[in-house]
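Structure, as structure tokens:
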Amino acid sequence: MRVYISGAAGFIGYHLARLLLDEGMTVRGMDGMTDYYDVSLKRDRLAGLMHHPNFSFAEFMLEDATRLARDIADFRPDAVIHLAAQAGVRYSLEAPRSYLSSNIEGTFNIMEAARDANVGHLLLASTSSVFGANTEMPYRETDKCDTQVSLYAATKKATESLSHSWAHLWNLPTTCFRFFTVYGPWGRPDMAPFKFTKAILAGDTIDVYGHGKMFRDFTYVTDLVRAIRLLIDTPPMRPARPEDIAEGDSLSPVAAWRVVNIGNGEKVALEDFIAAIEAATGKKAKKHYMEMQKGDVPATWADNALLRRLTGYRPETGITKGMAATVDWYREYYRV
Ligand SMILES: NC(=O)c1ccc[n+]([C@@H]2O[C@H](COP(=O)([O-])OP(=O)(O)OC[C@H]3O[C@@H](n4cnc5c(N)ncnc54)[C@H](O)[C@@H]3O)[C@@H](O)[C@H]2O)c1
């Protein structure tokens, strides 16, 4: 199988590419290597892929529609997995425009290129943040979610809608993933698992938002990419009649389009997450309690029933084991 991955030098793209290459697939990656966080981390991830004979890579921005269309057409992928994006809830208050160009225009360019190349399955990364101000938990894909509270989430919800129209108009089978706080080795320096590990190891104080009364569904990256792998083989099919859609399935009544949660299915309190890092580092955290940040939500929690029904997937890694592996990687990579 030939798989095209946008954002291949990113945290999730790197892990996904490794998994697919290990299975004998041919993978082409692209990434604009943006400087939202340390580019040398992206280069080091890439170095871990480049030696593989079935991997090739091109560096350019999604906004270069002509280059993107040519790159995808030349590669002739069976599936395109679109992970490149301007991520991060907090940064979307500082630099909102970058979210419009990377996430809206960039995703549109991917959709056009995928249609033109007759790709069999397009898979797009969305986020649990699209559930916004919803309070009923765990979050289900069939819940109404129209109350995004950050521009990041709003751009991701927009890409879900854009891709639905494309799937309907051009019969392009499309799966949107809603990822729930992904963490693990080679993780993102802007996210709490990395930031807290760094600060606790250095003896620095950590900022604990929402006075520590927040919850997250933390998804270990190895579990997450395994779920993506299973979904590649599960393209949605347009139902013959709306009544054929099973209860709890987000499948569109008019298109080969579906949205699927990928989470751990567990709600972890922020204090328990910090305790897992303390256990892994052997150090006590110095905490500075603060208000919740603008654009953030107090809790996320995935209902994984649809993913399980479609693929048989079950997560294998809880927060204690996952953070221990994350801290091990951090210490080795940064030699601390
Ligand atoms: N990590 C998480 O917890 C999480 C949660 C929900 C959703 N997501 C989504 O999953 C996807 C992957 O996330 P990640 O954690 O690997 O992030 P990441 O930032 O590590 O990877 C994204 C990659 O996209 C590239 N990129 C950004 N804008 C680009 C552009 N305009 N053109 C070309 N390349 C560009 C960046 O250089 C980066 O390497 C993103 O779409 C993100 O929004 C991630």
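When the strands (runs of 3 or more DSSP E) confined to segment 1-116 are screened for residues that are of a type in the set (Asp, Glu), near the ligand (Cβ under 8 Å from one of its atoms) and within 18 Å of the chain's Cα centre (by Cα), none reaches at least 2 such residues.
Out of all the residues in segment 216-234, which are buried (at least 19 other Cβ atoms within 10 Å of the Cβ) and not charged (D, E, K, R)? Answer for segment 216-234, where residues must be buried (at least 19 other Cβ atoms within 10 Å of the Cβ) and not charged (D, E, K, R): Phe218, Thr219, Tyr220, Val221, Leu224, Val225, Ala227, Ile228, Leu231, Ile232. Of all residues assigned to segment 170-179, none qualifies as being among the β-branched types (Val, Ile, Thr), near the ligand (Cβ under 9 Å from one of its atoms) and surrounded by 21 or more Cβ atoms within 10 Å (Cβ to Cβ). Confirm whether Arg188 is of a type outside the set (A, V, I, L, M) and touching an Asp or Glu at 6+ places or on another chain (Cβ under 8 Å). No, not satisfied. Taking the condition of being closer than 14 Å to Met61 by Cα and surrounded by fewer than 18 Cβ atoms within 10 Å (Cβ to Cβ), how many residues in segment 20-33 meet it? Of the residues in that region, 1 qualify. If the Cβ limit is 6 Å and pairs must be 6+ apart or interchain, which residue in segment 24-47 that is in contact (Cβ under 8 Å) with a residue 40 or more places away in the chain pairs with which residue that is assigned to a strand (DSSP E or B)? Final answer for the pair search is Arg28/Tyr4; Arg28/Ser56; Met30/Ser6; Met30/Ala58.
Any residue in segment 133-153 that is buried (at least 24 other Cβ atoms within 10 Å of the Cβ), at pLDDT 95 or above and in contact with a Cys (Cβ under 6 Å, 6 or more places away or on another chain)? No, segment 133-153 contains no residue that is buried (at least 24 other Cβ atoms within 10 Å of the Cβ), at pLDDT 95 or above and in contact with a Cys (Cβ under 6 Å, 6 or more places away or on another chain).
Filtering segment 125-142 to residues that are more than 12 Å from the ligand (Cβ to nearest atom) and either in contact (Cβ under 8 Å) with a residue 60 or more places away in the chain or in a helix (DSSP H, G or I) (or both) leaves Gly132, Ala133, Met137, Pro138, Tyr139, Arg140, Glu141, Thr142. Against the definition (of a type outside the set (Asp, Glu) and under 16 Å from the mean Cα position of the chain (by Cα)), how does Arg241 come out, yes or no? Taking the combined requirement at face value, the residue does not satisfy it. Put simply, of Asp190, Asp207 the only residue that is among the acidic types (Asp, Glu), closer than 22 Å to Glu291 by Cα and away from the ligand (no atom under 13 Å from the Cβ) is Asp207. Looking only at segment 84-103, filter to residues that are surrounded by fewer than 22 Cβ atoms within 10 Å (Cβ to Cβ) and aliphatic (A, V, I, L, M); which one of those is nearest to Phe179 (Cα to Cα)? Out of the qualifying residues, it is Val89.
Here Leu122 passes the criteria (1) closer than 24 Å to Arg18 by Cα; (2) more than 10 Å from the ligand (Cβ to nearest atom); (3) more than 18 Å from the chain's Cα centre (by Cα); (4) without any contact (Cβ under 8 Å) to a residue 60 or more places away in the chain except the one numbered (3). Tell me, please, whether a residue that is touching a Pro at 6+ places or on another chain (Cβ under 7 Å) and modelled with pLDDT of 95 or more can be found in segment 55-74. No, segment 55-74 contains no residue that is touching a Pro at 6+ places or on another chain (Cβ under 7 Å) and modelled with pLDDT of 95 or more.
The values are calculated or read from the model by the stated rules, or taken from the named source; none is laboratory data. These numbers were taken from a predicted model, which means no experiment stands behind them. Note: ideal-geometry Cβ built from the backbone for every residue, glycine included; neighbour counts use all protein chains shown.
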